[in-house]
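All remarks here apply to the structure that follows.
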Amino acid sequence: MRTLPALFALVLLSPLVGCGKREFKDFRQFTSPDGKYTVPMPGTPYTEVRNEYGFQLTTHAVEVGGEGYAVSSADIPPGTPCDLSGAVTGLAQKVNGTATRSEGASHNSSGWREFEIEGQNPHKFYSGRVLFTRSRFYIVFAFGRDAKLSNQQVRTFLDSFRITDGGDTPGPSWTAPVQPPVQLGPARPAAPPAYRPKNQPSPPPAKEVILGHPFDPQFRDDAPAGGVLVGLDVWYGKFFNNDVVSAVRPIYRVAGVDSAGQTHGTETERGTRVLAKPGYAVGAVSVRAGLGIDALTVTFMKVSGGRLDPNDSYVTEQMGGPGGNGPTKLGGDGTPITGIIGRKGPGLDGFGLVYQGQK
């Protein structure tokens, strides 16, 4: 089961159901009952509170026939990392849409990202801002056939949103706080340049990438010394009607002997194992992901001279469902893979690979 990914999905789904008919009126200033923000609303908003996955999501919205204006908010545990770009990507996936615009800024534990999403079935636009500050998450957005950022009414609605319980409101006019200069000690003589043999290339950049949603604690699972990744145990869960990956466990091989790593996520009654045949190892994994891991497809490559041979490979069937973005291929250049990384809450919400030579 997912926690924050499902919370993000509920943000866009909540204002679209069971609201009744209203007529838009002149915009008037609305202050949230808890006094934490103000925003102009075209009439008196209805209020919906949901307790889902350990979070209380509160939405105030005005809707007429599937078009309207809304603000959703929730308190998030202190110290929770926040990738706002990933949040927008996940929102777009949940409405079967495409983010035609996504831009913003962040600093330490605060940030914002403005987005425009073109949804399908039904065709409509979702335009707004995701904000994260002082352990509180907001989505301020309009939805409807003409709810584009170029719509002046939508623009005024977004620009007028203000957080009122202290601190700045992240947004286009927001200036990240300036850090005081570091107190420096006496200057030291510059160290001589490190010796590098002639024509030796610079070390390659780090390749570790975690696909999936931006929250929940990160994990890392490394092979025993001298080992490589040769397989995965994968368990399946459900997100609405789609299969998703609820847990994964790496399988390593050292000198021909296989051993399993830790299980990351929640095991279920449905699962599968993929394992390389002798002389092969995992060379790449293609990942379908939105705000969690929807599916994995493994490419096995022949081990040759301490590397993997992309020209001698075979591919498994996809493990998981059709949801998410991608697939995005991790690895594939012949670098041996020695572990997995990711994010997990109750379920598996992020996935990546660890490559030989990385710590």
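The values are calculated or read from the model by the stated rules, or taken from the named source; none is laboratory data. Small disclaimer: the values here were computed from a predicted structure and weren't measured. Backbone-built Cβ (ideal geometry, glycine too); neighbour counts: all protein chains shown.
For every residue, the table says whether it meets (1) in the same structural domain as ASN242 (by TED's automatic domain parsing); (2) at pLDDT below 75; (3) crowded, with 16+ Cβ neighbours inside 10 Å.
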site: LEU10; (1), (2), (3): no, yes, yes
site: GLU23; (1), (2), (3): no, yes, no
site: THR31; (1), (2), (3): no, no, no
site: ASP34; (1), (2), (3): no, no, no
site: TYR46; (1), (2), (3): no, no, yes
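Among the residues of region 322-338, those identified as farther than 22 Å from ALA92 by Cα and of a type in the set (S, T, N, Q) are THR335, THR338.
Consider region 196-230 and keep the residues that are crowded, with 20+ Cβ neighbours inside 10 Å and at positive phi. The one that is modelled with the highest pLDDT is GLY212. Listed conditions (1) touching a residue at least 40 places away in the same chain (Cβ under 8 Å); (2) within 24 Å of TRP235 (Cα to Cα); (3) touching a strand residue (DSSP E or B) at 6+ places or on another chain (Cβ under 8 Å) are all met by GLY345, apart from (3). Quick one: which strands (runs of 3 or more DSSP E) lie wholly within region 244-352 and hold at least 3 residues that are crowded, with 23+ Cβ neighbours inside 10 Å? Because the criterion is at least 3 residues that are crowded, with 23+ Cβ neighbours inside 10 Å, the strands (runs of 3 or more DSSP E) in region 244-352 that meet it are 280-289, 293-304, 337-344.
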